[in-house]
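The values are calculated or read from the model by the stated rules, or taken from the named source; none is laboratory data. The shown structure was predicted, so the numbers you read here are calculated from the model rather than taken from an experiment. Quick reminder, even Gly has a Cβ in these numbers, built from the backbone with ideal geometry, and neighbours come from all protein chains shown. Ligands, DNA and RNA are stripped out before the accessible areas are found, and what is left, the full protein with its side chains, is counted by its heavy atoms. Shrake-Rupley method; radii C 1.70, N 1.55, O 1.52, S 1.80 Å.
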Amino acid sequence: MDFEATFKEQLEALKAEGNYRIFANLERRTGSFPKAKNRHDGGERDVTIWCSNDYLGMGQHPDVVAAMKDAVDACGAGAGGTRNISGTNHYHLLLEQELADLHGKEDALLFTSGYVSNWASLSTLGARLPNAVILSDSLNHASMIEGIRHSKAAKKIWKHNDPEDLNRALSECGPDQAKIVAFESVYSMDGDIAPIKEICDVADKHGAMTYLDEVHAVGMYGPRGGGVAEREGLMERVTLIEGTLGKAFGVVGGYVTGSAAMCDFLRSFSSGFIFTTALPPAVAAAATTSIKHLKQSAVERAAQDRQVAKLRAALDREGIPHLPNPSHIIPVMINDPVKCRMIADILMDEHGIYVQPINYPTVPKGTERLRFTPGPVHTDADIEHLVGALSALWSQCALARVAA
């Protein structure tokens, strides 16, 4: 086989479909985010980032940055190995205690990313619980899907955010099966939120454990940033809450929280934990500081709520179509991969606005979109500049507007 020719052929097909991804060369600047430096065609330009998952700007918070620097000075750059051999650091243990407290659970377990925490935990639970069946929401993240697939457990897909269909699927399971209901709180592409109480009611009726991915909600919702389950007073009803340190907390890493026995079970049997080098202690120290801050401060969440509402209102004023949802995620629908890429390029090149087009396989073909995540660090002027640019492009590209 001519491997190089095969690689190039498939890449060219991806480009022809409009689904080839181009990564901007960005340099975030501490203290000035969402502004960033973009190196392009041998030059530099200033841009405003509109699609970051650092939702609250905590990646540049002075206390978080200082904590990371102090831990590097104290411990060095790396962890020294896997947690099982030489890599468990005091900062890891402090962070796990902080996470367990955040979600009202007995214990927590760190992973190197949110993707890994989902993949490793679901694959271990599905593989090691006797006669397991995993019931997965139809719009679950790829990391959850991969974990379920790797577990080789039986699986059932239920309609998105539909407790009645979940009840139907659970009714088909045998009484001897270990049933795991896997779902998310905030779905990152449409921005909708799961009916957690109703899902837990159905799961409890059938004796199923609940596995809730809160990666787009931790830090963002609830009086202490514990997520949607905290906001709705439901954390104690969820068996396992999974989250990330790489979005609202502004750092990197993933975790699960739950009972001490369950966390120890995953620590002892999960290959995704056992054979992976631990997070650098400096990352753990920064994450702990970020979590502590957001437990006590609602300022960032309130400011973000205001900017989200302002952007939605401005889009409505100009007739720019966006999906209505109760979250902080604003998907502006293009529904064409080529136009989506083109509009993103024009926004960057002519207006200094960076937003990455979202296309297949992240979303189904024909539902391509620009996903905006306004935060407390976006100014009113930033919003007006963005909406003015979008409105001009809507006219230039003859895209349909919606009635205000």
(message) Given a 1.4 Å probe and heavy atoms of the protein chains only, how would you sort HIS293, HIS150, HIS92, largest accessible area at the top?
(response) HIS150, HIS293, HIS92
(message) If each DSSP helix of 4+ residues adds -39,500 (n - 2.57) and the sum is divided by the residues in the chain, what number results at 222 nm, nearest 500 deg cm²/dmol?
(response) -13500 deg cm²/dmol
(message) Suppose all protein chains stay in the model; what accessible area per residue would a 1.4 Å probe give for the chain, in Å²?
(response) 43
(message) Roughly how far apart, in whole Å, are the Cα centres of the stretch 53-69 and the stretch 120-162?
(response) 33
(message) Can you work out the Karplus-derived ³J(HN,Hα) for every residue in the stretch 281-291? Use 6.51 cos²θ - 1.76 cosθ + 1.60 with θ = phi - 60°, whole Hz, and x for glycine or proline.
(response) x, 5, 5, 4, 5, 5, 5, 4, 5, 4, 5
(request) Starting at the first residue of the stretch 245-253, write each ³J(HN,Hα) from the Karplus equation 6.51 cos²θ - 1.76 cosθ + 1.60 with θ = phi - 60°, in whole Hz, x for Gly and Pro. (result) 9, x, 10, 4, 7, x, 10, 7, x
(message) For a 28 Å ceiling on Cα separation, which of these pairs sit above it: LYS152/LYS205; LYS15/LYS159; LYS156/LYS292; LYS155/LYS365?
(response) LYS15/LYS159; LYS156/LYS292
(message) Tell me the relative contact order for the chain as a rounded percent, counting alpha carbon contacts under 8 Å between residues six or more apart.
(response) 21
(request) Compare TYR360, TYR255, TYR221 in a GNM of the chain, Cα atoms joined below 10 Å, and give the one with the largest fluctuation. (result) TYR360
(message) Using a 1.4 angstrom probe on the protein heavy atoms only, could you order CYS51, CYS75 from most to least accessible area?
(response) CYS75, CYS51
(request) Round to a whole angstrom and tell me the spacing of the C-alpha centers of the stretch 361-403 and the stretch 10-36. (result) 17
(request) Can you list which of the trypsin sites (Lys or Arg not before Pro) found in the stretch 26-116 are DSSP loop residues with at most 13 other C-beta atoms within 10 Å? (result) ARG29
(request) Apply the Karplus parameterisation 6.51 cos²θ - 1.76 cosθ + 1.60, with θ equal to phi minus 60°, to every residue of the stretch 65-71 and state each ³J(HN,Hα) to the nearest whole Hz, in sequence, with x for glycine and proline. (result) 4, 5, 4, 5, 4, 5, 5
(message) At 7 Å along Cα-to-Cβ for each site, give me the label-to-label distance between GLN396 and PHE269 in nm.
(response) 5.6
